[in-house]
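A.B. asks: Next up is a structure, given as structure tokens.
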Amino acid sequence: MSHEAPANSSASNTLVIRNIGLLLSGDLDRPILDADTVVAVDGVIQSVGKEKDLDLSGPATTVDAKGTALAPGLIDSHVHPVCGDWTPRQNQLGWIESCLHGGVTTMVSAGEVHTPGRPKDIVGLKAMAIFAQRAFQAFRPGGVKIYAGAPVLEQGMVEDDFKELAAAGVKFLGEVGLGSVKDGSTGRRMVAWARKYGIQSTIHTGGPSIPGSSLIDKDMVLETDADVIGHVNGGHTALPDDQIKELCERSERALEIVHNGNERAGLLALRTAKELKQMHRVILGTDSPAGSGVQPLGILRMISMLSSLGEIPAEVAICFATGNTAKLRNLNCGMIAPGREASFVFLDTAQQSAGKNLLDSIQKGDLAGVGMVITDGAVSIQRSRNTPPATRVPEVVRR
Ligand SMILES: [Zn+2]
């Protein structure tokens with residue numbers, strides 16, 4: 001596909017990224033592409049290929065990648081936002097913008113559960129979900145896109161509640177099990193109503209996260225049959241190994257591994273998915289903010305942990321946090337391909353890493369250095385203030 005800019009294009013809406021050293025597609029079926037150039041128009045990827053094959057003549061913002069790796073912006077499949085870029089859990093400001101410096105460009109709310117005085121009556125919980133969906137649609141800290149407005153299931157909800165939420169723009173449920181619905185048959189009925197109206201569901205898995213939450217075991221997870229087995233490695237307290245294996249084997253739903261969970265259980269889930277040849281089910285989240293705080297580098301840490309200790313090629317582990325999540329959560333980001341959102345992270349070997357190159361450094365357990373992040377075709381940040389410094393960083397050469 002060649003680049004053909006529309007007649008009214010200007011430098012402000014065409015983006016050319018050239019001199020890419022390694023193109024990480026985010027697509028598990030083909031994680032590395034033989035391409036060095038990406039063109040985006042109006043925030044959408046238009047072409048991906050070799051510079052010599054593309055028409056780059058029109059005016060454009062041009063980024064020289066300086067031989068670094070380009071990957072889709074990372075997706076955090078499991079966050080708990082509240083309002084604005086503030087979390088009452090640790091009384092911290094700016095946590096979302098800080099995660100942008102860890103390469104995250106998209107977040108999915110698993111429920112605004114830390115909201116002080118969170119309403120638990122049905123009209124109140126619906127109002128809060130619609131408010132959060134609207135507020136975060138209009139507010140993007142640093143450019144991060146947050147899919148929020150994830151209502152927590154409470155007893156007494158009826159089919160019409162889900163119909164109303166869907167019509168109002170709600171796309172995701174909060175973690176099943178964090179509210180008063182704690183039995184599989186009620187969970188299953190409500191999740192099916194949500195699915196009927198196009199709302200995706202996630203279930204809490206494992207022991208209670210904080211005082212007031214409770215155990216969700218494999219029987220409830222299997223019976224409820226939510227779209228995503230949320231933190232299959234616990235958040236933090238994991239289920240026994242045999243129950244985690246059973247969830248991998250008996251369900252076909254997404255297997256979400258989180259930073260704020262049990263690392264050993266996360267590796268068990270990963271190995272089981274690998275043995276089952278179902279690595280397309282593995283997606284990553286931080287489950288932050290939480291009792292253990294916010295981890296701006298949480299997704300990068302998960303990629304390095306799973307790649308190094310789980311013996312997974314780094315380019316595959318990156319797909320867990322990009323294309324896998326996008327496919328399973330129906331998001332138009334997470335892959336470098338025409339028609340997808342132009343949100344990217346530029347990665348390079350961290351300075352002084354023992355790794356021979358970026359992928360080898362991740363496989364050795366080091367974190368990648370972030371040199372630039374682009375959201376919807378616009379440069380959001382240049383060298384990350386949070387990662388270890390990237391050896392090489394891209395540069396905006398022409399605006
Ligand atoms: Zn949870």
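A.B. asks: Let me know the Rg and Dmax you get for segment 13-108 when you use only its Cα atoms, in Å.
C.D. replies: 16.7, 51
A.B. asks: Can I ask one more? Quick check: the angle from helix 184-196's long axis to the longest principal axis of the chain, C-alpha only, nearest 10 degrees?
C.D. replies: 40
A.B. asks: Let me ask something additional. Among DSSP bridges having both ends in the chain, what percentage is antiparallel? Round to the nearest 5.
C.D. replies: Antiparallel bridges make up about 55 percent of those DSSP assigns within the chain.
A.B. asks: Tell me the mean residue ellipticity at 222 nm calculated for the chain from its helices only (DSSP H runs of n ≥ 4, each -39500 (n - 2.57), averaged over every residue, nearest 500).
C.D. replies: -7500 deg cm²/dmol
A.B. asks: Hey, another quick one. Given 0.36 nm per residue, what is the gain on full extension from Ala192 to Asp64 after removing their alpha carbon distance, in nm?
C.D. replies: Difference between extended and current length: 41.3 nm.
A.B. asks: Further question: Sum up the charges of everything whose Cβ sits under 9 Å from the Cβ of Gly235, counting Lys and Arg as +1 and Asp and Glu as -1, but leave Gly235 out.
C.D. replies: Surrounding charge for Gly235 is -2.
A.B. asks: Estimate the FRET efficiency between Asp217 and Val396 by the formula 1/(1 + (r/R0)^6), using the beta-carbon distance for r and 51 Å for R0, to the nearest 0.05.
C.D. replies: 0.50
A.B. asks: Moving to a separate point now. Given N residues in segment 162-219, what is Rg(Cα) / (2.2 N^0.38 Å)?
C.D. replies: Against the compact-globule rule of thumb, the ratio is 1.17.
A.B. asks: Further question: Pairs Lys126/Lys163; Lys52/Lys327; Lys120/Lys196: which are spaced more than 20 Å apart, C-alpha to C-alpha?
C.D. replies: Lys52/Lys327; Lys120/Lys196
A.B. asks: Put a dot 7 Å past each Cα toward the Cβ at Val158 and Lys364; how far apart are the dots in nm?
C.D. replies: It works out to 6.3 nm between the two label points.
A.B. asks: Can you send over the carbon and sulfur percentage of the accessible area for the chain, probe radius 1.4 Å, protein chains only?
C.D. replies: About 50 percent, which is the carbon plus sulfur part of the accessible surface.
A.B. asks: Starting with the highest mean, order 238-251, 95-108, 169-182 by the number of other Cβ atoms within 10 Å, averaged over the residues of each peptide.
C.D. replies: My ranking of the peptides, most packed first, is 95-108, 169-182, 238-251.
A.B. asks: Moving on. I'd like to check one number: the per residue accessible area of the chain, probe 1.4 Å, reported in Å² as a whole number.
C.D. replies: Accessible area per residue, the chain: 37 Å².
A.B. asks: Using just the C-alpha positions of segment 328-380 as equal point scatterers, what log10 of I(q)/I(0) does the Debye formula give at each q in 0.14, 0.30 1/Å?
C.D. replies: Summing over Cα pairs of segment 328-380 leads to -0.49, -1.01.
A.B. asks: While we're looking at this one, here's another question. Give me the Debye-computed log₁₀ of I(q)/I(0) at q = 0.13, 0.18 Å⁻¹ for segment 73-204, equal point scatterers on Cα only, no solvent, two decimals.
C.D. replies: The Debye formula, applied to the Cα set alone, gives -0.50, -0.92.
A.B. asks: Give the distance, in whole Å, between the Cα centre of segment 41-119 and the Cα centre of segment 332-376.
C.D. replies: Cα centres, segment 41-119 to segment 332-376: 13 Å.
A.B. asks: Right, here's the next one. Bins of 20 Å, beginning at zero and ending with the bin holding the largest distance: percent of Cα pairs per bin for the chain, please.
C.D. replies: Pair shares across the bins are 30, 56, 14, 0.
A.B. asks: While we're looking at this one, here's another question. Among the listed pairs Lys218/Lys277; Lys50/Lys274; Lys50/Lys277, which are separated by more than 27 Å between their Cα atoms?
C.D. replies: Lys50/Lys274; Lys50/Lys277
A.B. asks: How long are the semi-axes of the equivalent ellipsoid of segment 211-300, taking √(5λ) for every eigenvalue λ of the Cα gyration tensor, in whole Å from largest down?
C.D. replies: With the √(5λ) rule applied to segment 211-300, the semi-axes are 20, 16, 11 Å.
A.B. asks: Using 0.36 nm times the number of residues separating Asp53 and Leu276, minus their current alpha carbon distance, what extension gain do you get?
C.D. replies: 76.3 nm
The values are calculated or read from the model by the stated rules, or taken from the named source; none is laboratory data. Remember, predicted model here, so these are calculated numbers, not experimental data. Every residue, glycine among them, receives a Cβ derived from its backbone with ideal geometry; neighbour counts consider all protein chains shown. These area figures cover heavy atoms from the full protein model, side chains too; ligands, DNA and RNA do not enter into them. Shrake-Rupley method; radii C 1.70, N 1.55, O 1.52, S 1.80 Å.
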